[in-house]
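Reading through the structure tokens given below for one structure.
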Amino acid sequence: MRATLWRMAVERRTELLRGVLDLCLLAIMDEVPAYGYEMTKRLRERGLASVGEGSIYPLLGRLERDGLVETYRAASNGGPPRKYFRPSSAGRMALALGVSEWRAARDAVDAVLAPVKVEVAP
Amino acid sequence: MSDFVEQCRREWRRLGVPDPLAEEMAADLTADLAEAETEGVSAEELLGRSAFDPCSFARSWADERGVIPEPPSRGTRRIPLVLVAFTALAAIALVFASLALATGQPTVSVAAVKTTRSHLPSPPPGFFVRPGGGPHSRQVLLHTSASAPVEWILLLLAIIALSFAAWLWFSWGRSRPPSAPA
């Protein structure tokens, strides 16, 4: 039972993250343009060590296909030239709209869940 | 990890991803994996469960990026009209030859017999008498198709043509690219 509950918690976290990972990536690269692995590192530094069952590459590909990011190649620290990503103007607009939706949804869910007292056994 | 990238390359090639794009993605992935390895980060941390399924990972990446060529739709992949016409002609020839052989029409072998009216026997079954051959003569047309070489030649040619058409259809079907998996 405990293992099942743990698996459900992990799956829920994955599903939640899947819905907002594109916003996280846009936000990360909006601060400073970044290449693939660099974005993974920055997400990890902020507590998103795992991005669910997949990886960020397909998502970056979709953002590129949809014109939400711009790319360019530049030398990295001693390594080969890397493909850097930054939000396009459409990407910045999508980020602003997405963050607004996220906050509204988060507040609504918080309003429902706030009275619940959480007691997790060690 | 080079094996992982190599399997991705193979999958992209199979999916028809243009070589420059496939090489670009392979180079980016190789560089990221190398940097992660240098920093002690495992491939699983970087790629998630995809680290165990390079084909699925490669397909997902290429699909999301929109670099897998679209399979030709029915509208753009038209059946060649020449092939349709050729097959139809061959089929018509086959039907015509079969009917001609089965019914005996049209006949092509003619046997003329001159005789007197008084001694003229009744035509046996399978023969008919055509009028206009004169008072003492009759033209007897052979009614059987067994001696009609034109029909047999036409039938043979029709069968050969239909076989050739079948081979052309088979070749055309095999030349169609496979549809992309979902």
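So the check is Cβ under 6 Å with 6+ separation or different chains; which pairs have a first residue in the range B:49-66 that's more than 7 Å from every other protein chain (Cβ to nearest Cβ) and a second one that's at pLDDT 90 or above and assigned to a loop (DSSP other than H, G, I, E, B)?
What qualifies is B:ALA62/B:VAL17; B:ALA62/B:ILE68.
Say whether the condition of being over 12 Å from the mean Cα position of the chain (by Cα), more than 21 Å from B:ALA58 (Cα to Cα) and open to solvent by 20 Å² or more (accessible area, probe 1.4 Å) is met by at least one residue in the range A:42-58.
Checked against the condition, which is being over 12 Å from the mean Cα position of the chain (by Cα), more than 21 Å from B:ALA58 (Cα to Cα) and open to solvent by 20 Å² or more (accessible area, probe 1.4 Å), the range A:42-58 yields at least one hit.
If A:GLU64 meets every condition in (1) closer than 24 Å to B:CYS8 by Cα; (2) away from chain B (no Cβ under 11 Å); (3) acidic (Asp, Glu) apart from one, which number is that one?
(2)
Within the range A:72-91, can you find the residues that are open to solvent by 50 Å² or more (accessible area, probe 1.4 Å), within 10 Å of chain B (Cβ to nearest Cβ) and either within 26 Å of B:ASP63 (Cβ to Cβ) or touching a residue at least 40 places away in the same chain (Cβ under 8 Å) (or both)?
A:ARG73, A:PRO80, A:PRO81
Just to be sure, is B:LEU46 touching a helix residue (DSSP H, G or I) at 6+ places or on another chain (Cβ under 7 Å) and within 10 Å of chain A (Cβ to nearest Cβ)? Walk me through it before giving the result.
Working: touching a helix residue (DSSP H, G or I) at 6+ places or on another chain (Cβ under 7 Å): yes; within 10 Å of chain A (Cβ to nearest Cβ): yes.
Spelling it out, B:LEU46 is indeed touching a helix residue (DSSP H, G or I) at 6+ places or on another chain (Cβ under 7 Å) and within 10 Å of chain A (Cβ to nearest Cβ).
Return yes when A:THR4 is surrounded by fewer than 13 Cβ atoms within 10 Å (Cβ to Cβ), β-branched (Val, Ile, Thr) and farther than 17 Å from B:ARG49 by Cβ and no when it is not.
Taking the combined requirement at face value, the residue satisfies it.
So which of A:ALA75, A:ALA104 ends up being among the small types (Gly, Ala, Ser) and at pLDDT below 90?
A:ALA75
Among the residues of the range A:8-19, is any in contact (Cβ under 8 Å) with a residue 12 or more places away in the chain and in a loop (DSSP other than H, G, I, E, B)?
No, the range A:8-19 has no match at all.
Of all residues in the range B:13-63, which are in a loop (DSSP other than H, G, I, E, B), within 15 Å of B:SER2 (Cα to Cα) and open to solvent by 60 Å² or more (accessible area, probe 1.4 Å)? So that I can check it myself, show each step before the final result.
First, pick out the residues of the range B:13-63 that are in a loop (DSSP other than H, G, I, E, B): B:16-18, B:39-42, B:53.
Subset that is within 15 Å of B:SER2 (Cα to Cα): B:42, B:53.
Passing the criteria: only B:ASP53.
Could you check A:ALA104 against (1) open to solvent by less than 70 Å² (accessible area, probe 1.4 Å); (2) within 14 Å of another protein chain (Cβ to nearest Cβ) and say which number it fails?
Condition not satisfied by A:ALA104: (2).
Quick one: how many residues across the range B:137-161 are modelled with pLDDT of 70 or more and open to solvent by 50 Å² or more (accessible area, probe 1.4 Å)?
Matching residues across the range B:137-161 total 9.
Test B:GLU6 against the stated conditions and say whether it is within 12 Å of chain A (Cβ to nearest Cβ) and farther than 19 Å from A:PHE85 by Cβ.
Spelling it out, it is not the case that B:GLU6 is within 12 Å of chain A (Cβ to nearest Cβ) and farther than 19 Å from A:PHE85 by Cβ.
Give the residue that is nearest to the other protein chains (Cβ to nearest Cβ), with candidates limited to residues of the range A:23-38 that are at pLDDT 95 or above and within 13 Å of the chain's Cα centre (by Cα).
So the residue we want is A:LEU25.
The values are calculated or read from the model by the stated rules, or taken from the named source; none is laboratory data. What you see is a predicted model, and the numbers here were worked out from it, not measured in a lab. As a convention, Cβ positions derive from the backbone with ideal geometry for all residues, glycine included, and neighbour counts pool all protein chains shown. We work out accessible area using only protein heavy atoms, side chains counted, and drop any ligands, DNA or RNA first. Shrake-Rupley method; radii C 1.70, N 1.55, O 1.52, S 1.80 Å.
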